[in-house]
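Visitor: So that we are looking at the same thing, I have put the structure below in structure tokens.
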Amino acid sequence: MAIKLYFDKNVGLRLPEILARLDMDVAWHAMPKSKLGVTGSAHNEPLFHPEESDDAWLAEVGRRGWIVFSHDRKFHTVGFESELSAIKQHGVGCFYLWGGSAKKYEKAQCFFKAYDRILAAIESTPLPFIFDVQRSGRLKRVEIP
């Protein structure tokens with residue numbers, strides 16, 4: 001199963017860059033389109049504008065079939081109906097990654113502890129879904145209202 005992991009801008013650059021260097025199929029918010037296999041100087045602009053609304057990039061990422069990783073733990077909550085609608089309408093798989101204010105190596109440790117569980121959840125859970133990746137590496141399913 002080929003999957004692409006997409007990292008929201010709030011995750012930062014280091015973790016997705018490390019994963020890309022490990023030959024994992026990743027993309028991130030400010031990643032130049034040229035790194036996605038589109039060539040030519042006209043395609044070197046970022047994948048999404050830094051101020052792109054969450055519902056807009058969620059829709060595009062969902063359309064592409066990518067799996068979302070974010071520190072935002074709000075997409076399923078009251079007040080974020082447009083984000084939730086994009087997740088439902090475009091069949092987004094989303095993981096709330098622990099470590100928004102943690103050191104980079106702690107965030108990477110958490111991701112790698114959870115990686116096998118993440119892959120299993122992707123394979124066994126119908127879209128759309130949201131999971132909370134806990135510091136221990138365990139996953140907790142988040143109910144989508």
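The values are calculated or read from the model by the stated rules, or taken from the named source; none is laboratory data. Fair warning: this is a prediction, and the values are worked out from it, not measured in the lab. Glycine gets a Cβ as well: all are built from the backbone with ideal geometry, and neighbour counts include every protein chain shown. The accessibility values were calculated without ligands, DNA or RNA, using every heavy atom of the protein model including side chains. Shrake-Rupley method; radii C 1.70, N 1.55, O 1.52, S 1.80 Å.
Visitor: Which value at 222 nm does the chain reach when only helices count, each DSSP H run of 4 or more adding -39,500 (n - 2.57), with the total divided by all residues and rounded to the nearest 500 deg cm²/dmol?
Guide: Values: 4 runs with 49 residues, N = 145.
Counting only the DSSP helices, I get -10500 deg cm²/dmol.
Visitor: How much accessible area per residue does segment 81-138 have, counting only protein heavy atoms and a probe of 1.4 Å, in square angstrom?
Guide: Heavy-atom SASA per residue in segment 81-138 reads 51 Å².
Visitor: In addition: Listed highest first by mean packing, meaning other Cβ atoms within 10 Å per residue, what order do 10-20, 120-130 come in?
Guide: Going from most to least packed, we get 10-20, 120-130.
Visitor: Run through the DSSP bridge list for the chain and note the antiparallel percent, rounded to the nearest 5.
Guide: Just about 25 percent of them are antiparallel.
Visitor: For P(r) over Cα pairs in 5 Å bins from 0, in percent, the listed values are (i) 2, 8, 17, 19, 18, 13, 9, 7, 4, 2, 1, 0; (ii) 2, 10, 20, 24, 21, 15, 6, 2, 0; (iii) 2, 9, 18, 22, 21, 16, 9, 3, 0; which was obtained by calculation from the structure presented?
Guide: (ii)
Visitor: Taking R0 as 25 Å, what's the FRET efficiency between ARG135 and ARG21 from their Cβ-Cβ distance, rounded to 0.05?
Guide: That gives a FRET efficiency of 0.55.
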